[in-house]
Amino acid sequence: MRNLKTLVTGGLLAVVALFSAACSAADSGGFQAGRDYTEVPSPQKPADPKRITVEEFFWYGCPHCYSLDPAVEQWRASKPADVDFTRVPNTLGRPEGEVHSRAFFIASTLGILDKTHKPLFDAIHVQHQPMSDLASIRTLYVAVAGIKPADFDGVASSFVVDSGMRRAESLARTYVIRSVPNLIVGGRYVVASQPNTFKVVDFLIDKVRKERGN
């Protein structure tokens, strides 16, 4: 009788454990650390604890980044009000990566990034142009953003652009970014591109809110 009671009790405990695990998985959307996201080695403190930053590390020459970009734009258009989104170009240590990173910060400095971002992606991945030198970048920017060549040349090697590139590379080292695309949520969690990328991002945004007590 005692053995039977022990078996029944053990069985009930096992059922309870399975039920708890199932509930936990349901509460988390089924997303798991180590599978759907990881924690960065050195989490960054937020400048404003009430704001949550989502940073996309990308490279214009990366086909996966290009494929993800429409989803990025769709999510960005409807992101939560307490979330700030920023793109961070990564060179991946490649010479063309450095050109593309400089192209990003030139556009940002000139205030034309919204006009040049997709055209530069399209030039590389649809029109199959390498866009691996500043002359081709300048020609594109003049055509799609209406800037003057002199405006481009005036900021191409400026302190502002150089500083932006250095900050981007420093941040990539801090987060140990070795591939793209990757999204960093709240300076704490890394999400690689996957079918549920932005479901995981939204889950982590809520997780960061709860961790901060927001």
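Please treat every number below as a calculation from the coordinates, not as lab data. Quick caveat: nothing in here was measured; it's all calculated off a predicted structure. For neighbour counting, all protein chains shown are included, and Cβ atoms are generated from backbone atoms with ideal geometry for every residue, glycine included.
Measuring nothing but how far apart in sequence close Cα pairs (under 8 Å, 6+ apart) lie, relative to its length, the chain scores a relative contact order of 31 percent. Counting every other Cβ atom within 10 Å of each residue's Cβ, Phe104, Phe198 order from fewest to most as Phe198, Phe104.
Taking θ as phi - 60° and the Karplus parameters 6.51, -1.76 and 1.60, the scalar couplings of the stretch 155-165 work out to 10, 4, 10, 6, 4, 4, 5, 4, 5, x, 5 Hz in sequence order, x denoting glycine and proline. The mean sequence separation of alpha-carbon pairs under 8 Å and at least six residues apart, normalised by the residue count of the stretch 104-214, gives a relative contact order of 19 percent. Restricting to lysines 8 or more places apart or on different chains, can you count the pairs in the stretch 31-212 with Cα atoms under 25 Å from each other? Close lysine pairs under the 25 Å cut-off: 18. Of all DSSP beta bridges confined to the chain, the antiparallel ones make up roughly 55%.
Among the listed values (1) 44, 41, 32; (2) 43, 38, 32; (3) 91, 36, 30, the one matching Cα extents along the principal axes in Å as calculated from this structure is (3). Counting beta carbons within 10 Å around each of Val144, Val161 and listing the fewest first gives the order Val144, Val161. Among His128, His100, His64, His117, the order by Cβ neighbours within 10 angstrom, fewest to most, reads His128, His64, His117, His100. Every helix of 4 or more DSSP H residues in the chain counts as -39500 (n - 2.57), and over all residues that averages to -18500 deg cm²/dmol at 222 nm. Distance from the alpha carbon centroid of the stretch 126-182 to that of the stretch 84-119 works out to 4 angstrom.
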